[in-house]
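Asker: Quick one: the structure is below, questions incoming.
Throughout, read-outs are computed from the coordinates displayed, never taken from laboratory work. Source: prediction; values computed, not measured. Neighbour counts are summed over all protein chains in view; Cβ atoms, including those assigned to glycine, are modelled from backbone coordinates with ideal geometry.
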Amino acid sequence: MSIEITTTAEIRAALDLGGPLIQTTTVRGGRRYLLSHLEDTPAVPSVTSIVDGAMRNYGLERWRQQWIERGLEARLGQQLTAEAVEEVLGAASTEASASAELGSEVHTIIDALLRGEEIDYRPALEPAVQAWLRWRRAHMDWSYLGSEVGVWTLDYAGTVDALFGSADGSEMYIVDWKTSSGIYDSACLQLAAYAHALETMMAADSPYYLGVRVRGQVVRICAEYPRINGERDRTQAKQFDGRVEYAWVAPEQWYPVFKSALDLSVGKRQRIKKEMLK
């Protein structure tokens with residue numbers, strides 16, 4: 001019998017509407033949320049698990065294939081040992097881990113800046129900080145409401161990077177920080193799901209917030225690999241260049257797409273009854 005090792009974290013609910021949520025993550029990356037404030041503490045899948053399970057990421061597949069091709073080309077004429085094969089197949093995962101660590105580092109800095117705290121960071125991250133400050137100055141009228149807060153429905157839950165409110169109180173903004181190579185559909189689906197969840201939470205638990213519109217925005221702190229003869233040198237770390245871009249996410253446009261992914265996720269969990277023809 002195999003034992004699934006998990007880690008847990010307590011996530012404060014957005015606007016303190018319900019919660020806390022108990023986030024569980026397996027070593028394989030599966031993530032669920034326990035809704036501790038509800039009777040029997042139901043468990044629901046994470047938004048990212050639903051999106052990742054429903055969407056085939058052709059760009060990611062091609063990126064991994066290119067890593068394998070480059071690794072094999074570099075070893076043409078050589079005998080492929082088990083260690084060499086493992087290195088070739090694991091190169092993409094190594095880069096992905098480095099990118100994830102970089103993203104986490106930038107998230108930590110942004111959270112500290114939003115809370116008005118001083119934080120030390122590597123000089124190489126100064127362009128990223130300056131890029132984010134440019135974004136914040138452009139949205140100075142937004143009031144900061146919290147970071148790493150949970151949103152939930154009875155079907156799914158997730159953790160929001162940052163939550164803001166408009167100056168007149170008529171809108172709330174769910175913001176997702178990215179250091180990826182672009183702004184992708186998956187981020188739009190996630191933010192639409194988060195926005196729908198927050199609106200559902202407000203309607204159910206806090207009449208004060210009724211009528212508040214929730215919108216999403218993906219903010220990318222731009223980073224690229226150094227180039228040698230026009231080609232990206234992926235053996236070096238990504239470098240931030242001071243640019244920042246963002247995209248608005250309209251829940252009314254993207255949530256129906258996420259709902260299809262949610263329905264597919266539910267359908268895939270159904271048992272298939274099979275019978276052998278005699």
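Asker: Report the relative contact order of region 139-223, percent, no decimals, based on alpha-carbon pairs under 8 angstrom and at least 6 residues apart.
Answerer: Numbers: 154 pairs, mean separation 26.2, N = 85.
Rounded, it is 31 percent for region 139-223.
Asker: Can I ask one more? Run the simple label-point estimate for ASP233 and ALA82 please: 7 Å along Cα→C-beta, distance reported in nm.
Answerer: 3.5 nm
Asker: For the pair GLU171/GLU73, report the inter-label distance in nm, with labels modelled 7 Å from Cα in the Cβ direction.
Answerer: Placing both labels 7 Å beyond Cα along the Cβ direction yields 4.6 nm.
Asker: Given LEU15, ALA138, ILE109, which one lies farthest toward the positive end of the charge dipole of region 1-160, if we put +1 on the Cβ of every Lys and Arg and -1 on the Cβ of every Asp and Glu?
Answerer: About the Cα centre, the residue reaching furthest to the positive side is ALA138.
Asker: Rounded, prolate or oblate: which one fits region 37-140, using the alpha carbon gyration tensor with axes a ≥ b ≥ c (rounded when a/c is under 1.5, else prolate when a/b beats b/c, else oblate)?
Answerer: It comes out oblate by the Cα gyration axes.
Asker: Checking the a/c ratio against 1.5 first, then a/b against b/c, what shape does the Cα gyration tensor give for region 226-278?
Answerer: Taking the square roots of the gyration eigenvalues as a ≥ b ≥ c, region 226-278 is oblate.
Asker: Take the Cβ-Cβ distance between GLU126 and LYS259 as r, set R0 to 35 Å, and report the resulting FRET efficiency rounded to the nearest 0.05.
Answerer: Efficiency, rounded to the nearest 0.05: 0.25.
Asker: Which shape class, rounded, prolate or oblate, goes with the chain when its Cα gyration tensor gives a ≥ b ≥ c as root eigenvalues, a/c under 1.5 marks rounded, and past that a/b bigger than b/c marks prolate?
Answerer: Oblate.
Asker: Can you compute the helix-only [θ] at 222 nm over the chain? Use -39500 (n - 2.57) per DSSP H run of at least 4 residues, normalise by all residues, nearest 500 deg cm²/dmol.
Answerer: On the way: 6 runs with 109 residues, N = 278.
Using -39500 (n - 2.57) per qualifying helix, the result is -13500 deg cm²/dmol.
Asker: Once amide H atoms are placed 1.01 Å from N in the peptide plane, what residues at a sequence separation of 5 or more from VAL249, or on another chain, have their amide H within under 5 Å of its amide H?
Answerer: GLY216, GLN217, VAL218
Asker: With charges set only on the Cβ (+1 for Lys and Arg, -1 for Asp and Glu), what does the dipole of the chain come to about its Cα centre, in debye to the nearest 20?
Answerer: 920 debye
Asker: To continue, here is another question. Considering lysine pairs in the chain that are 8 or more places apart or on different chains, how many have Cα atoms under 26 Å apart?
Answerer: 4
Asker: Estimate the FRET efficiency between ILE272 and ALA98 by the formula 1/(1 + (r/R0)^6), using the beta-carbon distance for r and 30 Å for R0, to the nearest 0.05.
Answerer: Calculated transfer efficiency: 0.15.
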